[in-house]
Amino acid sequence: MSYANSIATRRSAAPDRVRIAIQKSGRLTDNTLALLARCGYRYSRGRDDLVCFGENMPVDLLLVRDDDIPELVAESVCDLGVVGQNVLQEKNHRLARDGKPSALELRSLRYGHCRLSLAAPRDEPLDCANDLNGKRIATSYPEILRQYLTDIGADAKIVEFSGAVELAPRLGRADLICDLVSSGGTLLANGLVEVLCLMKSEAWLVRAPTNHADPTCRDWMTRLLQRLDGVMQVDESKYIMLHAPRAALEEITALLPGSETPTILPLSHAEDKVALHAVCRENVFWETLENLKKAGASSILVLPVEKMLP
Ligand code: PRT
Ligand code: ZN
């Protein structure tokens, strides 16, 4: 029985569970598990190390290679998945070409940042896109690269590599490479320079094109998504408390970044002043605090927000 089939069988054996495909072991794994934990998800690991069983919600995790995630989700073997946009786009291009449905983007998750770039040997840099004509480009992302070359009308040869793409020019297999870059250290170590960014990427939560048949599962998916939105918002939000002269309230409120209507409370023994509490949905920088002080605010406190349900 094929791998996807064996998972699909598990699904029909447990139709009342939500399945989320995540990377088994790689750059996205720790952040994904940490994010799910912040959403209140607790699990025990299966003996085969392929599945994590949810203990406090009917949600299981399938631990797979990241390359398999778009297809597992597109085929509704899994309801949700977490995968880099680079892998998602590459696989979705292929699925679309085969006339199959794609995995759909739900939320960007703000980790796993990188870019898919063209890089050339340092001693033979590329001047402009026209230089691509007649060149051989090594990559593990042939679909994205093909689309890009078509868009700019360049006639280059794509050489598919499944790993260690950065070695291709030195091995004489290609003139350029098209690969993921984050710090740029790998390019540097291999005598390559980044010449053009094709796409920026981060981890995304994706979903299947069909809805889960079980209403309780659909409910849990909605709850998880709400919690996820709460977690993401909390990361940027601050709770701010300050004292303000009544006369300067309007000016001070206008200085609060991304806040909803603040709570105003009276202060004992100070008729002309009030206490102001507000949730700011953007980071509060030192400059903001200095401007608040200039406007007359005092006793300014900025606190982190732990949980938030939008
Ligand atoms: O085993 P499996 O197939 O699941 O894992 P994998 O080896 O294919 O993927 P993995 O774990 O390396 O990366 C998973 C995802 O992390 C990628 O699909 C990207 O979305 C994201 N990501 C973020 C990166 C990088 N940064 C990254 N730097 N993926 C790969 N790299 C590699 C890149 O290919 C190159 O070899 O790191 C090297 C460059 O890094 P710098 O820092 O030297 O520029
Ligand atoms: Zn992979």
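Over the Cα atoms of region 238-304, Rg to Rh with Kirkwood Rh, two decimal places? List each step's numbers first, then the result.
Values: Rg = 10.8 Å, Rh = 11.7 Å.
When Rh is taken as the Kirkwood radius, the ratio is 0.93.
Rounded to a whole number, what is D in µm²/s for region 193-296 from Stokes-Einstein with the Kirkwood radius over alpha-carbon pairs (25 °C, 0.890 mPa s)?
Working: Rh = 17.6 Å.
The calculation lands on 139 µm²/s.
Across bins of 10 angstrom width beginning at 0, how are the C-alpha pair distances of the chain distributed, in whole percent?
Going from the shortest bin to the longest, the percentages are 6, 21, 22, 19, 18, 10, 4, 1, 0.
With 10 angstrom as the radius, rank 214, 48 by how many other C-beta atoms surround their C-beta, starting from the fewest. Don't skip to the answer; put the middle values down first.
Values: 214 14, 48 7.
Fewest-to-most Cβ neighbours within 10 Å comes out as 48, 214.
According to the square roots a ≥ b ≥ c of the eigenvalues of the Cα gyration tensor, what is the shape class of region 114-201, taking rounded for a/c under 1.5, prolate for a/b larger than b/c otherwise, and oblate for the remainder?
rounded
Report for the chain the percent antiparallel among DSSP-assigned beta bridges with both residues inside it, nearest 5.
On the way: 46 of 61 bridges.
Looking only at bridges with both residues in the chain, the antiparallel portion is about 75 percent.
Which one of 133, 35, 69 has its Cα pushed farthest toward the positive end of the charge dipole of region 22-143, where Lys and Arg give +1 and Asp and Glu give -1 at the Cβ?
The one lying farthest along the dipole's positive direction is 35.
Where the only charges are on Cβ atoms (+1 Lys, Arg; -1 Asp, Glu), what is the dipole of the chain about its Cα centre, to the nearest 20 debye? Before the final figure, lay out each step's value.
Values: 37 positive and 42 negative charges, 141 e Å.
Charge dipole of the chain: 680 debye, to the nearest 20.
Going by amide H atoms built from the backbone, whose H comes under 5 Å of the H on residue 282, apart from near neighbours?
Close amide H contacts, sequence-distant or interchain: 238.
Sequence-distant or interchain residues sharing an amide H contact under 5 Å with residue 65, placed H: which?
Those qualifying (amide H under 5 Å, at least 5 residues apart or on another chain) are 24.
Under 1.5 on a/c is rounded, so check that first for region 116-160, then, if it is not, pick prolate when a/b is larger than b/c and oblate when it is not; a ≥ b ≥ c are the square roots of the alpha carbon gyration tensor eigenvalues.
Numbers: a/c = 1.79, a/b = 1.26, b/c = 1.42.
Cα axes put region 116-160 in the oblate bin.
Can you put 135, 273, 157 in order, fewest other beta carbons within 10 Å first? Please list the in-between numbers first.
Numbers: 135 17, 273 20, 157 13.
Fewest-to-most ranking of 135, 273, 157: 157, 135, 273.
Please give the calculated 222 nm ellipticity per residue for the chain, where each DSSP H segment of at least 4 residues contributes -39500 (n - 2.57) and the sum is spread over every residue; nearest 500 deg cm²/dmol?
On the way: 9 runs with 94 residues, N = 310.
Helix contribution divided over all residues of the chain: -9000 deg cm²/dmol.
Report, in debye and to the nearest 20, how large the dipole of region 114-201 comes out about its Cα centre when Lys and Arg carry +1 and Asp and Glu carry -1 on their Cβ.
Values: 9 positive and 12 negative charges, 36 e Å.
Using Cβ point charges on Lys, Arg, Asp and Glu, region 114-201 gives about 180 debye.
Rounded to whole Hz and in sequence order, give me ³J(HN,Hα) for region 242-256 from the Karplus expression 6.51 cos²θ - 1.76 cosθ + 1.60, θ = phi - 60°, writing x for Gly and Pro.
7, 9, 9, x, 3, 5, 9, 4, 4, 5, 5, 4, 5, 7, 6
Once you charge only the Cβ atoms, +1 for Lys and Arg and -1 for Asp and Glu, what is the size of the charge dipole of region 78-131 about its Cα centre, to the nearest 20 debye?
Working: 8 positive and 8 negative charges, 76 e Å.
Rounded to the nearest 20 debye, it is 360 debye.
Arranged by the count of other C-beta atoms within 10 angstrom, fewest first, what order do 106, 187 take? Don't skip to the answer; put the middle values down first.
Working: 106 16, 187 19.
Ranking 106, 187 by Cβ neighbours within 10 Å, fewest first, gives 106, 187.
Going down the list 100/135; 273/293; 24/238; 238/273; 24/91, which pairs span over 25 Å between their C-alpha atoms?
Values: 100/135 32 Å; 273/293 14 Å; 24/238 34 Å; 238/273 23 Å; 24/91 18 Å.
Result: 100/135; 24/238 exceed 25 Å.
With θ taken as phi - 60° and the coefficients 6.51, -1.76 and 1.60, list the Karplus ³J(HN,Hα) couplings across region 94-99 in order, rounded to whole Hz; mark glycine and proline as x.
Karplus-based 3J(HN,Hα) across region 94-99 equals 5, 4, 5, 5, 7, x Hz.
Report the one residue of 52, 164, 111 whose Cα lies farthest in the direction of the positive end of the charge dipole of the chain (charges on C-beta: Lys and Arg +1, Asp and Glu -1; origin at the Cα centre).
52
So what's the gap between the Cα centers of region 14-43 and region 229-259, to the nearest angstrom?
33
Put +1 on the Cβ of each Lys and Arg and -1 on the Cβ of each Asp and Glu in region 238-304; which of 255, 303, 243 then has its Cα farthest toward the positive end of the dipole?
303
Since every read-out is calculated from the coordinates, none of them should be taken as a lab result. Because the structure is predicted, anything quoted here is derived from the model rather than measured. Positions of Cβ are backbone-derived with ideal geometry, glycine not excepted, and every protein chain shown enters the neighbour counts.
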